[in-house]
1. Please identify which residues in segment 114-145 have an amide N closer than 15 Å to a label point set 7 Å out from the Cα of Asp27, following the Cα→Cβ vector.
2. Once the piece of chain linking Lys78 and Thr66 is laid out straight, how much longer is it, given 0.36 nm per residue of separation minus the C-alpha distance between them?
3. Take the cross-link list Lys31/Lys116; Lys26/Lys78; Lys31/Lys78 and give me the ones stretching past 32 Å between alpha-carbons.
4. So how much slack lies between Arg17 and Asp93, counting 0.36 nm per residue of separation and subtracting their Cα-Cα distance, in nm?
5. Full-extension gain between Leu56 and Lys116, please, as 0.36 nm times their residue separation minus the C-alpha to C-alpha distance.
6. Starting at the first residue of segment 58-65, write each ³J(HN,Hα) from the Karplus equation 6.51 cos²θ - 1.76 cosθ + 1.60 with θ = phi - 60°, in whole Hz, x for Gly and Pro.
7. Considering only the other residues whose Cβ falls under 11 Å of the Cβ of Asn70, what net charge follows from Lys and Arg at +1 and Asp and Glu at -1?
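Laboratory data are not the source of any read-out in this text; all were calculated from the coordinates shown. Quick caveat: nothing in here was measured; it's all calculated off a predicted structure. Heads up, the Cβs are rebuilt from the backbone with ideal geometry, glycines too, and the neighbour counts pull from every protein chain shown.
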Amino acid sequence: MFFLLLNCFATAQTLIRNSCKTAAAKDPNLKYDFCVQSLEQDPQSKTATSLSGLVLASTNNAESKTTNVNGIVETILKNKSYPPALMSVKSGDYRSANVHLSAALDAPSTCEDGFKEKHTTFPVTNENNVLFQKIVILLAFTNML
């Protein structure tokens, strides 16, 4: 029984590593080490027996991280630590608000640049980077099916 369990874990580990290697070769945005580490830490990924199983696990990982980032943003808004766009709206500076909101439409990284211009720390930089990687993994695996 122990040997069977060990063999199942080794198979999942090989599946994870091979899938991450193939995906990283196809997508330069995907970081191989992050892919392997994030999936090897996930209980659902550890039991995957196929690429479609890893896609399901990756979907759950991305959804969980999205919920986490969303919670952080909601907390910031509740604490009235508004990002520059909202501060601009509240102060009636709609021109600046337009610039910041336009940046937010392009991508989280563009939004982060807006914070840097105001010499303000973007509150979810690390979370956005992790979320980005989790979504890249999911997209890469989905494209491999």
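1. Those under the cut-off are 129-145.
2. 2.5 nm
3. Beyond 32 Å: Lys26/Lys78; Lys31/Lys78.
4. Roughly 22.3 nm would be gained on extension.
5. 18.0 nm
6. These are the phi-based 3J(HN,Hα) values: 5, 4, 5, 4, 5, 5, 5, 5 Hz.
7. Combined, the nearby Lys, Arg, Asp and Glu give -2.
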